[in-house]
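Report on the following structure.
The values are calculated or read from the model by the stated rules, or taken from the named source; none is laboratory data. All values reported here derive from a predicted model rather than from experimental measurement. Here Cβ is always computed from backbone atoms with ideal geometry, including for glycine, and neighbour counts include all displayed protein chains.
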Amino acid sequence: MTVTTLGEIHPLRPILLAAALSLAQPAQASTDSAKEASAAAQAALAAIARLDDDPAGPMLNAVIAFDPAAPQEAAGQARKGPLSGRTVLVKDNIETRGFATTAGSLALKDNRTGRDAPLIARLRAAGGVVLGKTNLSEWANIRGSRSSSGWSAVGGQTRNPHALDRNPCGSSSGSGAAVAAGMAWAAIGTETDGSITWPASVPGGGGVEPRRRNGRRRLGAPISASQDTAGPMARTVHDAALLLGAIAGSDPADPATAEADRRKADFTAGLAGASLKGVRLGVLTRQVGPHAGVNALFERARADLERAGAVLVPIDYDPPAEMYRDESLVLRFELKEGLNAYLAALPGTPPVRTIDDVIAFNRAHAAQELRWFGQESFEAAAKLDDRAAYAKARANSLRLAGAEGIDRLKRENNVVALIAPTAGPAWVTDPVSGDRFLPVGAGSLPAIAGYPHLTVPMGAVEGLPVGLSFIGGKWEDARVLELGAAYERARTALLAQPRFKRWEPAQ
């Protein structure tokens, strides 16, 4: 449910003529382009009204706030940059001027900073239109155990457009559900471990967890300085690549992004001609998981890949338990440090300035904030102060995921990328008992290593979408996108369409 409309009115910007336009009628061509962009934005707003807000509709609760002036903004952006007035929804832990940035928490419901995060500034410069902010798992699902993905005190519970009683999965739930439902051209999510790829896979879209620091979220509520990243969620690989190229880049205030500008590229350039012929792909056999439906779907995807010329190499591998153990320490240590810094620097007079303040706020507002699950992770993070133990854990988890994980598996098996199902089918949403993740996929490896991870729809199990993951090495975003685009063309499975009703068995 959209709880507020905080959009600001933007003046129309000059419309630039593309060289490919006929010179005979440039004014008419530019007017038509502006009209088309405006109409697309208006259609997106109508979809939000129908699918997110109307009590007679499915009420997806995917969008927290939207800009009613987006059609005017789209008209002004129609000939500006590669995005040319396309509408983008933004996860509500990324600062975006004109809107509050809440991270789903009532403690930040009035957090209007009036500024754009660097990736949002790049989005606008590329001709993109910020349509609104999307719901998320509160605090990006780091607050406590037994949470229900897609629930926040600000936005309520996001629903899966394919099955309203089933979960949209992952903390970027609103972004994934909105894209799958057609409420925007694309969306931006954030990922620490699974928060883009899971909610892209399960609601039936696609998503890219880009190389680490490529669009890292400065000016946004953080979890982990070493693992947080922002990335595109879209309905096609091409659209995801186009959006990734728009938001990628270095941030002068963040030295860790220094290499991003040098690695920036037109990620759409190689998609049309991408081929799988002779391409060796490593199949992570243990990460397929126990679900018979997922196994059958993955076998069909493997057959499609082989028919297109790919050479599939089975790899029997399981990440060591210490990788996950050390990741857990890293996330909590960096959560305390990063959140304290972010809250302390907020303009205005927010009610919270430290993680301890947030814990106290939640206790004081327990009926709204703590009814369904607690804040054990926040409480544990607030007590951490052993920097030496943290540094050791970070070095070890990074080594096991990167050099001894993805890099070693690629090298020893002579493969260009790793593949596995992204996640299992959606489970029934249960705020009382929490999420029920199946042991499917290998998303933690690229999340910890900071390597690119693309999920592409590969079909559905009983009408519930499942994605196929392509995992590459460091800075191999373009190659991973090319593989995904080639698979997209080779795929034979039919993709499920949102039904906007409760799940029922296929007839």
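For the stretch 121-154, the set of residues classified as over 15 Å from the mean Cα position of the chain (by Cα) and in a loop (DSSP other than H, G, I, E, B) consists of Ala126, Gly127, Gly128, Ile142, Arg143, Gly144, Ser145, Arg146, Ser147, Ser148, Ala153, Val154, listed by residue number. Glu327 passes every criterion in (1) under 30 Å from Lys109 (Cβ atoms); (2) of a type in the set (Asp, Glu); (3) touching a helix residue (DSSP H, G or I) at 6+ places or on another chain (Cβ under 8 Å) apart from (1).
How many residues are farther than 19 Å from Ser175 by Cβ and in contact (Cβ under 8 Å) with a residue 12 or more places away in the chain when one looks only at the stretch 46-67? Total meeting the criteria: 1.
Within the stretch 155-178, the set of residues being surrounded by fewer than 24 Cβ atoms within 10 Å (Cβ to Cβ) and either assigned to a loop (DSSP other than H, G, I, E, B) or over 18 Å from the mean Cα position of the chain (by Cα) (or both) comprises Gly156, Leu164, Asp165, Arg166. Taking the condition surrounded by fewer than 24 Cβ atoms within 10 Å (Cβ to Cβ), touching a residue at least 24 places away in the same chain (Cβ under 8 Å) and assigned to a loop (DSSP other than H, G, I, E, B), does Arg112 pass? Here the answer is yes, as Arg112 does meet what is asked. So if I check each of Ala200, Ala240, Ala221, Ala140, which one is within 22 Å of Ala442 (Cα to Cα) and touching a Phe, Trp or Tyr at 6+ places or on another chain (Cβ under 9 Å)? None of the others qualify; the one that does is Ala240. Checked against the criterion of being assigned to a helix (DSSP H, G or I) and exposed (fewer than 14 other Cβ atoms within 10 Å of the Cβ), the stretch 432-452 contains not a single residue that satisfies it.
The residues on offer are Ser137, Ser149, and the sole one that is under 30 Å from Val461 (Cβ atoms), touching a residue at least 12 places away in the same chain (Cβ under 8 Å) and in contact with an Asp or Glu (Cβ under 7 Å, 6 or more places away or on another chain) is Ser149. When Pro351, Pro320 are checked against the criterion of being over 26 Å from Gly443 (Cα atoms) and touching a residue at least 40 places away in the same chain (Cβ under 8 Å), Pro351 stands alone in meeting it.
If you go through the stretch 404-439 and keep only what is within 28 Å of Arg479 (Cβ to Cβ) and in contact with a Cys (Cβ under 7 Å, 6 or more places away or on another chain), you end up with just Ala423. The single condition among (1) touching a strand residue (DSSP E or B) at 6+ places or on another chain (Cβ under 8 Å); (2) modelled with pLDDT of 95 or more; (3) of a type outside the set (Asp, Glu) that Gly273 does not satisfy is (1). Scanning the stretch 455-507 for residues that are of a type in the set (Gly, Ala, Ser), at positive phi and assigned to a loop (DSSP other than H, G, I, E, B) yields one hit, Gly463. Against the numbered list (1) on the phi > 0 side of the Ramachandran plot; (2) in a loop (DSSP other than H, G, I, E, B); (3) of a type outside the set (S, T, N, Q), Lys80 comes up short only at (1). Which of the residues spanning the stretch 88-100 are in contact with a helix residue (DSSP H, G or I) (Cβ under 8 Å, 6 or more places away or on another chain), farther than 13 Å from Ala246 by Cα and buried (at least 24 other Cβ atoms within 10 Å of the Cβ)? Hits for the stretch 88-100 are Leu89, Val90, Lys91, Asp92, Asn93, Ile94, Glu95, Thr96.
Candidates Ala388, Ala401, Ala393: the one that is among the small types (Gly, Ala, Ser) and farther than 30 Å from Glu476 by Cα is Ala388.
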